[in-house]
Amino acid sequence: LTGSEDMDTIRYAGTLGYVSGSNSITFRLGKTEAKTFTSNIDGSVSLNLRFGTFLSLNPSFSYQSTENFSDDSTSKIYNVYLNGELTFVPEYFSLSISSSWTKNDNTFSDTTTLSLGGNVNFYMSKLFNYKLQPTLSLRGRYEDYKNGDTSTSNTAFYLQADISF
């Protein structure tokens, strides 16, 4: 169908950001219109937050809505991300977290995905005068996936050792 169809596509987008020291916020909003195929609206908000030398957080929120003209289907996608690090003892111990949540509501099915991860990190570089840079991390991860009535989840814990020089 695309060979003889008019494929005019227009993309409008705007981004607004503000930075203050090591903190920032960014807003983005856009729209894509393909004359005969789809119409898409998307937006996001991202933050970079630092609280002293001990805590940093990086949350992000986004939304996308798509209308497909060829089959009259619609899709709405919601995303939430959070990454951060909490330092207990500078240059030695920290806790890192990463998480994401995604929901896709569309004409044919609804899916939700959740992912949570965390690391307790022990940095040993200072003990070796920075000639070797070993790190031990106790890591944990939880993942959950739902599609309609079907659901799966898994959990994992492990110890990871890294050496740099």
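Counting Lys and Arg as +1 and Asp and Glu as -1, what is the net charge of the other residues whose Cβ lies under 14 Å from the Cβ of Leu116?
Working: positive: Arg139, Arg141; negative: Glu143, Asp144.
Around Leu116, the surrounding residues sum to 0.
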Lysines whose Cα lies under 28 Å from that of Lys31, excluding same-chain neighbours fewer than 8 positions away: Lys76, Lys103
Compactness of the range 104-165 - radius of gyration and Dmax, Cα, Å: 18.7, 59
Förster-model FRET efficiency, 25 Å R0, Glu91 and Phe51, C-beta, rounded to 0.05: 0.85
Dipole of the range 48-165, positive direction: furthest Cα of Ser115, Tyr142, Val89, with charges on the beta-carbon: Val89
Percent of alpha-carbon pairs separated by more than 21 Å within the range 8-81: 42
Simple label model, 7 Å out from Cα along Cβ direction - Lys31 to Asn154, nm: 4.2
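Rounded to the nearest 20 debye, what is the charge dipole size of the range 1-153 about its Cα centre when +1 sits on each Lys and Arg Cβ and -1 on each Asp and Glu Cβ? Each step should come with its number before you reach the end.
Working: 12 positive and 15 negative charges, 207 e Å.
I would put it at about 1000 debye.
What whole-number value in Å² describes the accessible area per residue of the range 48-160 for a 1.4 Å probe? Don't skip to the end; give the middle numbers.
Numbers: 7240 Å² over 113 residues.
Value returned for the range 48-160: 64 Å² of accessible area per residue.
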Matching label, log10 I(q)/I(0) by the Debye sum over Cα atoms at q = 0.09, 0.11, 0.15, 0.17 Å⁻¹ computed from the structure shown, candidates [x] -0.30, -0.45, -0.82, -1.03; [y] -0.53, -0.60, -0.87, -1.05; [z] -0.50, -0.70, -0.99, -1.10: [z]
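What part of the accessible area of the range 1-151, given as a whole %, is carbon or sulfur when the probe is 1.4 angstrom? Let's see the in-between values first.
Values: 5730 of 9700 Å².
Of the solvent-accessible surface of the range 1-151, carbon and sulfur hold 59 percent.
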Loop chymotrypsin sites (Phe, Trp or Tyr not before Pro), the range 23-88, which have at most 12 other Cβ atoms in a 10 Å radius of their Cβ (DSSP): Phe69
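The values are calculated or read from the model by the stated rules, or taken from the named source; none is laboratory data. Remember, predicted model here, so these are calculated numbers, not experimental data. Note: ideal-geometry Cβ built from the backbone for every residue, glycine included; neighbour counts use all protein chains shown. Side chains included, ligands, DNA and RNA excluded: accessible areas come from the protein's heavy atoms. Shrake-Rupley method; radii C 1.70, N 1.55, O 1.52, S 1.80 Å.
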